[in-house]
Amino acid sequence: MILLQLSAGQGPIECCYAVGLALKTIEKQCRENNINLNLVEAISAAKQGCFKSAIVQLDSEQDDSAKQLAESWQGALLWVCQSKFRPKHKRKNWFFSGQMYEVNEAKLDNTVKFQTCRASGAGGQHVNTTDSAVRAVHTETGISVRVESERSQHANKRLAKALLFQKLEESKLQQMTQQEKARWQQHWDVQRGNPVKTFKGERFVLSN
């Protein structure tokens, strides 16, 4: 399983908008390359089409195209454009980032306990009468997630594994020592000056 996380970090609304534009670009690339894309999680910002972060799951049946696409988005990313939210703002460089995760599903399954439960909310008779929702619990840490966005239990199980893996990665980052966090921040600061992709203008056109 390949996961790609896009993040605006602590950046302003323009960085969050760049994440939204990047998601649309990735969706187009997936269609062109026969890659299946599922939105695992999206944290919206204050404006429509803007996201503080988003996680997508990429799958390709016959080759490594999903991994290659995710890798091409990994690192610091730059959008160069006049802000549509603050037209008089002098700044035009908006940084965001991409991070790829390759999940060993078999290894993860050995430490995860799955529970099925009745889905809630809108969805008609099918949702109300089937145990399609899935709760995944990491037995070693107690971290858990619940997913009911898909109609099938199998689809919710896959999304639950993806989301749980991301939560475990976030937990590891939070448990870093101050020295480790300082090194991580230094690495990020260096990356900001060397974007792996640069997009320009309102049409979000790739320029490198």
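The values are calculated or read from the model by the stated rules, or taken from the named source; none is laboratory data. Worth saying up front: this structure is predicted, and the values here are computed from it rather than measured. Don't worry about glycine lacking a Cβ; one is built from the backbone with ideal geometry, like all the others, and counts go over all protein chains shown.
For the stretch 61-76, indicate whether the set of residues that are among the aliphatic types (A, V, I, L, M), within 22 Å of Thr198 (Cβ to Cβ) and assigned to a strand (DSSP E or B) is non-empty.
Yes; the residues of the stretch 61-76 include at least one that is among the aliphatic types (A, V, I, L, M), within 22 Å of Thr198 (Cβ to Cβ) and assigned to a strand (DSSP E or B).
Among the residues of the stretch 94-102, none qualifies, meaning not one is in the same structural domain as Ile13 (by TED's automatic domain parsing), over 20 Å from Gln48 (Cα atoms) and free of Cβ contacts under 8 Å to residues at least 60 places away in the same chain.
The rows are residues; the columns are (1) aliphatic (A, V, I, L, M); (2) surrounded by 12 or more Cβ atoms within 10 Å (Cβ to Cβ); (3) closer than 21 Å to Lys200 by Cα; (4) at pLDDT 95 or above.
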{"residue": "Ala42", "(1), (2), (3), (4)": "yes, yes, no, no"}
{"residue": "Leu69", "(1), (2), (3), (4)": "yes, yes, yes, yes"}
{"residue": "Gln82", "(1), (2), (3), (4)": "no, yes, yes, yes"}
{"residue": "Lys90", "(1), (2), (3), (4)": "no, no, yes, no"}
{"residue": "Tyr101", "(1), (2), (3), (4)": "no, yes, no, no"}
{"residue": "Ala106", "(1), (2), (3), (4)": "yes, no, no, no"}
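At pLDDT 90 or above, buried (at least 20 other Cβ atoms within 10 Å of the Cβ) and not assigned by TED's automatic domain parsing to the domain that holds Gln166, is that true of Val56? Spelling it out, Val56 is indeed at pLDDT 90 or above, buried (at least 20 other Cβ atoms within 10 Å of the Cβ) and not assigned by TED's automatic domain parsing to the domain that holds Gln166. Residue under question is Gln48, and the condition is that it be touching a Lys or Arg at 6+ places or on another chain (Cβ under 7 Å), surrounded by fewer than 16 Cβ atoms within 10 Å (Cβ to Cβ) and outside the structural domain of Leu168 (by TED's automatic domain parsing); does it hold? Judged against the criteria, Gln48 is not a match. Scan the stretch 5-54 for residues that are within 17 Å of Tyr101 (Cβ to Cβ), in a strand (DSSP E or B), within 14 Å of the chain's Cα centre (by Cα) and touching a residue at least 24 places away in the same chain (Cβ under 8 Å) and the total you get is 8. From the residues in the stretch 132-164 that are of a type in the set (S, T, N, Q), in contact with a strand residue (DSSP E or B) (Cβ under 9 Å, 6 or more places away or on another chain) and more than 17 Å from Ala42 (Cα to Cα), which one is surrounded by the fewest Cβ atoms within 10 Å (Cβ to Cβ)? Ranking the qualifying residues of the stretch 132-164, first place goes to Thr139.
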